[in-house]
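The values are calculated or read from the model by the stated rules, or taken from the named source; none is laboratory data. Bear in mind that the values here come from a model prediction, so they are computed numbers and not experimental data. Glycine gets a Cβ as well: all are built from the backbone with ideal geometry, and neighbour counts include every protein chain shown. We work out accessible area using only protein heavy atoms, side chains counted, and drop any ligands, DNA or RNA first. Shrake-Rupley method; radii C 1.70, N 1.55, O 1.52, S 1.80 Å.
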Amino acid sequence: MTKPQKKTTPASGAKRPVPKASIVWLASYPKSGNTWARIFLANYLANQQEPVSINNVHRFAMGDSITKTYRMVAGDASVDLNDVPTTLRLRDAVLRGIIGNGADVNLVKTHNIRGAALGTELIPAKYTRSSVYILRNPLDMVLSYARHYGTDVAQAVETIGRSDNANASDESAVWQFLGTWSEHVNSWTRDAPYPGLVLRYEDMLAKPEKSFGAMVQHLGLPLDDDRLDRAIRFASFDEVKGQEAKSGFAENPGKSKTFFTSGKAGGWKEALTEDLVEKIKTDHRDTMKRFGYL
């Protein structure tokens, strides 16, 4: 019988080893197709004959801003997560917890800009394996944005043009730092020190096999045509809309009746006034032109 080995702890001040850089960020500005991408990936990974419940998608890709996670890491249910510095101090430990499982890949949803907030790096390269960034024509995105946050469209147009745009902490998510639509897009699509895949929402609609197939290959998964087709169907607007009507959707913040409202492109042509169209084009002209939206 062997004697149990005595546990040792690192000497005071010793650096802990950095876990494997395993995070694959599933990133987007809000209301740009992130949920659609995650539902597709959940179905592709599950590879089953029935659709994955939209309320179980979090099991396949967790978020980086979940309030419950930050409270667990803090070890204090009363910690003030409305306080920005407090939340940012906890972020590194939250991300370390995500990658602490030693997995090769951890899919993590984020709406945070790839930058810093009060000196805290929001998307640390040292924990990152790669990224998938989804962008959507801001002329369409802003309509969904307004519904999602329960504001009027004119206010939403103003908001996505502000560098200080951020989502405040609430019972489901802690602070998320967005910036303007253009700042967010450019932060994720330029000069990254790790591999990145950029997908346009409109291409996901028009050429789903090509777009979702590229996502599968980016993650290093085997690409199977039947499996791809089934996962695309199981993530279709009609399927997820039907699931929401039957069982609700836990990620709906409740400011609009439904989370899945349209899922189409080009609705802005009838829904936006000329002055709002012009403001969006003025605020985001260079980035829109770069991605073929002008």
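Look through segment 57-103, keep the residues that are assigned to a loop (DSSP other than H, G, I, E, B) and among the polar types (S, T, N, Q), and return whichever of them is least open to solvent (accessible area, probe 1.4 Å). It comes out as S65. Scanning segment 34-75 for residues that are closer than 24 Å to P124 by Cβ and of a type in the set (D, E) yields a total of 1. Taking every residue in segment 104-126 that is closer than 14 Å to A61 by Cα and pairing it with any residue that is open to solvent by 40 Å² or more (accessible area, probe 1.4 Å) and assigned to a loop (DSSP other than H, G, I, E, B), at least 6 positions away or on another chain, the pairs with Cβ-Cβ distances below 9 Å are D104/K20; D104/G220; V105/G220; L107/F60. Pairing each residue of segment 192-210 that is open to solvent by less than 70 Å² (accessible area, probe 1.4 Å) and among the β-branched types (V, I, T) with any residue that is at pLDDT 95 or above and assigned to a helix (DSSP H, G or I), provided the two are 6+ apart or on different chains, yields C-beta distances under 6 Å for V198/T189. Looking at segment 122-146, which of its residues are more than 17 Å from the chain's Cα centre (by Cα) and under 26 Å from V84 (Cα atoms)? Passing the criteria: K126, A146. When the residues of segment 278-294 are filtered to those that are among the β-branched types (V, I, T) and open to solvent by less than 20 Å² (accessible area, probe 1.4 Å), which remaining residue is farthest from D152 (Cα to Cα)? Once the filter is applied, the top-ranked residue is T287.
The numbered conditions (1) on the phi < 0 side of the Ramachandran plot; (2) modelled with pLDDT of 95 or more are all true for G119 except (1). Reported count of residues in segment 38-55, each being at pLDDT below 95 and under 17 Å from G196 (Cα atoms), is 1.
Of the residues making up segment 240-294, those that are β-branched (V, I, T) and modelled with pLDDT under 95 number 3. One residue stands out among those in segment 123-148 that are part of a loop (DSSP other than H, G, I, E, B) and touching a Ser or Thr at 6+ places or on another chain (Cβ under 8 Å): the one that is nearest to L178 (Cα to Cα), which is I123.
Would you confirm, using the coordinates I've provided, whether H111 is surrounded by 15 or more Cβ atoms within 10 Å (Cβ to Cβ) and modelled with pLDDT under 95?
Here the answer is no, as H111 does not meet what is asked.
On inspection, S130 does not qualify as touching an Asp or Glu at 6+ places or on another chain (Cβ under 7 Å) and surrounded by fewer than 21 Cβ atoms within 10 Å (Cβ to Cβ).
On the stretch given as segment 173-209, residues that are assigned to a helix (DSSP H, G or I), farther than 30 Å from D226 by Cα and of a type in the set (F, W, Y) total 2. Pairs are defined by a Cβ separation below 7 Å, a sequence spacing of at least 6 or placement on different chains, a first member in segment 141-156 that is farther than 16 Å from S32 by Cβ, and a second member that is surrounded by fewer than 16 Cβ atoms within 10 Å (Cβ to Cβ); the pairs so defined are G150/K255; G150/S256.
A Cβ distance below 7 Å, combined with a sequence gap of six or more or placement on separate chains, defines the contacts here; from segment 170-191, residues that are without any contact (Cβ under 8 Å) to a residue 60 or more places away in the chain reach residues that are of a type in the set (A, V, I, L, M, F, W, C) in the pairs T189/V198.
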